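Student: Please read through the structure below; I'll follow up with questions.
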Amino acid sequence: MLRVVSVILFAFVTTLCNGLATADDRQAKQAELDAACEAARQTALAPKKAKAYQECIDILKKSVEVCEQEAEAYNGNRVGRPPLFYDLPACEAAFEYRKNK
């Protein structure tokens, strides 16, 4: 009887540990997908950041330092609409993975 209980307890603990490892694996995979999404977004945002920088210098006549900061901070946010470039394939993959937890 003690042997049966020990085997059942061992199986339970093993299953529990495997579940925790799977959760860690999912978190790591999600972080990887999120990073790929953000990298793709930053690539797509680069021309818009360059334009924002140039407008800041030419039209708004702000200092180079301020314009660099503002251009770097540009994230594609739009009033009343979703931010830009979350429809890229890398971002859709990240969202889909998160949704299917």
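The values are calculated or read from the model by the stated rules, or taken from the named source; none is laboratory data. Bear in mind that the values here come from a model prediction, so they are computed numbers and not experimental data. Positions of Cβ are generated from backbone atoms using ideal geometry, with glycine treated the same way; all protein chains shown enter the neighbour counts.
Student: Which pairs turn up if I take residues in segment 65-85 that are over 17 Å from residue 37 (Cα atoms) and look for partners that are among the β-branched types (Val, Ile, Thr) with beta carbon separation below 9 Å, at least 6 apart in sequence or on another chain?
Tutor: 67/57
Student: Another question, then. May I ask you to list the residues in segment 90-101 that are part of a helix (DSSP H, G or I) and in contact (Cβ under 8 Å) with a residue 60 or more places away in the chain?
Tutor: Selection gives 93, 94, 97, 98.
Student: Identify, by number, the condition in (1) at pLDDT 95 or above; (2) out of contact with any helix residue (DSSP H, G or I) (no Cβ under 8 Å at 6 or more places or on another chain); (3) under 28 Å from residue 100 (Cα atoms); (4) assigned to a helix (DSSP H, G or I) that residue 87 doesn't meet.
Tutor: In the conditions (1) at pLDDT 95 or above; (2) out of contact with any helix residue (DSSP H, G or I) (no Cβ under 8 Å at 6 or more places or on another chain); (3) under 28 Å from residue 100 (Cα atoms); (4) assigned to a helix (DSSP H, G or I), residue 87 misses (4) alone.
Student: Of everything in segment 39-72, what is in contact with a helix residue (DSSP H, G or I) (Cβ under 9 Å, 6 or more places away or on another chain), loosely packed, with under 15 Cβ neighbours inside 10 Å and part of a helix (DSSP H, G or I)? Give them in sequence order.
Tutor: 39, 42, 50, 51, 54, 55, 64, 66, 72
Student: Across segment 52-80, which residue is farthest from the chain's Cα centre (by Cα) among those that are of a type in the set (Lys, Arg) and more than 25 Å from residue 40 (Cβ to Cβ)?
Tutor: 61
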